[in-house]
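Here is the structure we will look at.
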Amino acid sequence: MRRSADIRWTFVIALVSLVVGAACSGGPAPLSVADPSTSPDQFADLGDDGTSGKGFKGAKPGKSGGGKATRGGGGGGASKAVPADAVDGSTVSASGATVSEKEQAQRARRLSKGLPDVNLWPDSTAQMGFTKDKITLCGHAALTFAEAFDTRPEDINVYWSMVNDNGGVYGRKVELTIEDDAYRPDNAVQAAERCKAKKPFMLIGGIGFDQIPAVRAWNEQSQNRLLYVHHIARQDLSKRYSFSFLPTVEQMGTLAARWILSKHRNDDIGVLWRQSESWEPGHTAFKRTMSNAKKALVADLPVQKDQAVYAQQINELKARGADTVFVWENALAAIELIKQAKNQDYHPTWVVFPFQIMTDTLKGDTTSPPVEGIASWPAYVPGARGGPFSSYDDEIARFEAAQRKYGKARNGNDILFMTWVAMKQIHQWLLDCGPNCDRNRLVALLISGRHKAVAPNCPFDFTVNGHVGGFFGNIFRATNVSGYGTGWVQTNTCARI
């Protein structure tokens, strides 16, 4: 049983690709997916003291960078290989509607006017991976155990299979391949090297606090310098060629603290955290936020990666009377911790990273009391409709229909839904970049602040620093979901970190 959990979690934590999350307001609120055209400042904040409405003191979205307008509206110049008006037929939009390619191209031309100068790539390579008939994407993730857990590369490609069968992107087929990184930094760099050989338009980084920093460093080397779009990682704004539209590790630690302060301020609070250079910034941010709110922790306990046995930490948490415990560790560790705590008759409110594997494994043990989750992706339970899922029922139905048509997995799962909404966002980027897109133009579009999120993703804003756009996170709660059993639902959506 332990080995199966290890295998599945290795795959889970490394596969989720670039999912934009939603967040929480000061307390439980009806689920609502943010209108992507709405400014992030219009969403409710949790204050520095954990209460609603006072606002955070962190960076706020600013004005787009100035700079000179790029030639032809595209940074570094547009390629002459593909005529700008060479569009006809129809395509499927990221929202699912069938639209005229001409209408999409006209929108892209409007967005391109007056973009800031971006010259990260010379004209000769700016359009690499974007040809007359194909757009090449490549990602790194842990695929070693994909077959065993019914989540194969074909399932990851379900979104693009649907797009390609409906006209592609301005008539081009999108080809996404995934290289196995085995959830190790050194293997991730090797996987990035294999991606580089394919000359992709974009390199995509699946989740991995340790893998992403390693690939970011590799990518800055002059012989590499791909357009790298990655999942959550510690903040590093010195990496010119890397971008994430998700919050940072530091922001997620801050969100966890502010949520706990808003809902559990009167509890005695403990934190259990992994000793790791890549994880530590989130732990530091959590403690700093608690300290600023004059809330002392009753326990602050380190654990090791793959520790497996937590009896000592559980005894200490119990002895110190911790009513609410933030678990700054992966889902596998949280599963073992909660199981072992139950055996030791310890039942606090746990706050964790929420994945389907947890509720599927622990079932009712996650609902008494309810486990809470901090996420950067929308909640998903296979087959669920209505209630807390009603605001994006249509997207769930669209995903599940495509999964049945193009995928091999017997059932949908949260990993595949996360991947779906991530690819949906990238699809919209490609459409808005236009039929003559290049990498400079796409980056210019992002840092200008003109590009908006597509539902059920929450807003992001690259105008603050140009490399990290996420300022939102979700709050989940484990509950009984009609027709499925124990699963995660969103209780708070799209509030600012």
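The values are calculated or read from the model by the stated rules, or taken from the named source; none is laboratory data. Everything quoted here is computed from the prediction, not taken from an experiment. Here the Cβ positions follow ideal geometry from the backbone for every residue, glycine too, while neighbour counts run over all protein chains shown. When the accessible area is computed, the model is the full protein with side chains, heavy atoms only, and any ligands, DNA or RNA have been set aside. Shrake-Rupley method; radii C 1.70, N 1.55, O 1.52, S 1.80 Å.
With each label point set 7 Å from Cα along the Cα-Cβ vector, what nm distance links residue 166 and residue 125?
Computed distance between label sites residue 166 and residue 125 equals 3.5 nm.
Starting from the amide H of residue 202, placed 1.01 Å from N in the peptide plane, find each other amide H under 5 Å away whose residue is 5 or more places distant or on another chain.
Distant-sequence amide H within range of residue 202: 138.
For the range 265-372, build the charge dipole from Cβ charges (+1 Lys, Arg; -1 Asp, Glu) around the Cα centre, then report which of 344, 359, 324 sits farthest towards its positive end.
Result: 324.
What does the charge count around residue 398 come to, taking other residues whose C-beta lies under 14 Å from its C-beta (Lys +1, Arg +1, Asp -1, Glu -1)?
Net of charged neighbours comes to -1.
Charges at C-beta only: +1 for Lys and Arg, -1 for Asp and Glu. How large is the resulting dipole of the range 272-311 about its Cα centre, in Debye rounded to 20?
260 debye
Rounded if a/c is under 1.5, else prolate if a/b is larger than b/c, else oblate: which is the range 259-388, with a ≥ b ≥ c the root eigenvalues of its Cα gyration tensor?
Note, shape of the range 259-388 comes out rounded.
For the charge dipole of the range 225-334, defined by +1 on Lys and Arg C-beta atoms and -1 on Asp and Glu C-beta atoms about the Cα centroid, which residue among 307, 293, 244 has the Cα displaced farthest towards the positive pole?
244
Taking a ≥ b ≥ c as the square roots of the Cα gyration tensor eigenvalues, with a/c under 1.5 meaning rounded and otherwise prolate when a/b beats b/c, else oblate, which class fits the range 412-497?
Verdict is oblate for the range 412-497.
Measuring from label point to label point, each 7 Å out along Cα→Cβ, what is the residue 452 to residue 367 span in nm?
So the two model labels end up 3.8 nm from each other.
Between residue 404 and residue 294, 0.36 nm times their residue separation minus their Cα-Cα distance comes to what?
Working: separation 110, 0.36 × 110 = 39.60 nm, distance 5.16 nm.
Here the segment from residue 404 to residue 294 would lengthen by 34.4 nm.
Given points 7 Å out from each Cα along the Cα-Cβ axis, report the residue 109 to residue 134 separation in nanometres with one decimal.
That separation, rounded to one decimal, is 3.0 nm.
With r defined as the distance between the Cβ atoms of residue 173 and residue 347 and R0 fixed at 30 Å, what FRET efficiency is calculated, to the nearest 0.05?
The calculated FRET efficiency here is 0.05.
Given a 1.4 Å probe, how much area per residue of the range 446-492 is accessible, in Å²?
26 Å²
For the range 195-200, just list the computed ³J(HN,Hα) in residue order, Karplus coefficients 6.51, -1.76 and 1.60, θ = phi - 60°, integers in Hz, with x standing in for Gly and Pro.
4, 4, 4, 8, 6, x
Got a sec to turn the phi values of the range 478-486 into Karplus ³J(HN,Hα) couplings, 6.51 cos²θ - 1.76 cosθ + 1.60 with θ = phi - 60°, whole Hz, x for Gly and Pro?
After applying 6.51 cos²θ - 1.76 cosθ + 1.60, I find 6, 7, 7, 9, 4, x, 10, x, 6 Hz.
By how many nm would the segment from residue 397 to residue 385 lengthen if fully extended, with 0.36 nm per residue of separation less the alpha-carbon distance?
3.5 nm
Provide the gained length on full extension for the span residue 235 to residue 306, in nm with one decimal, where the gain is 0.36 nm per separating residue minus the Cα-Cα distance.
On the way: separation 71, 0.36 × 71 = 25.56 nm, distance 2.44 nm.
Extra length available between residue 235 and residue 306 comes to 23.1 nm.
Step through the table entries 405/452; 113/196; 363/405; 173/424; 113/452, compare each Cα-Cα distance with 22 Å, and write down the pairs that go over it. Don't skip to the end; give the middle numbers.
On the way: 405/452 29 Å; 113/196 31 Å; 363/405 30 Å; 173/424 15 Å; 113/452 16 Å.
Over 22 Å Cα-Cα: 405/452; 113/196; 363/405.
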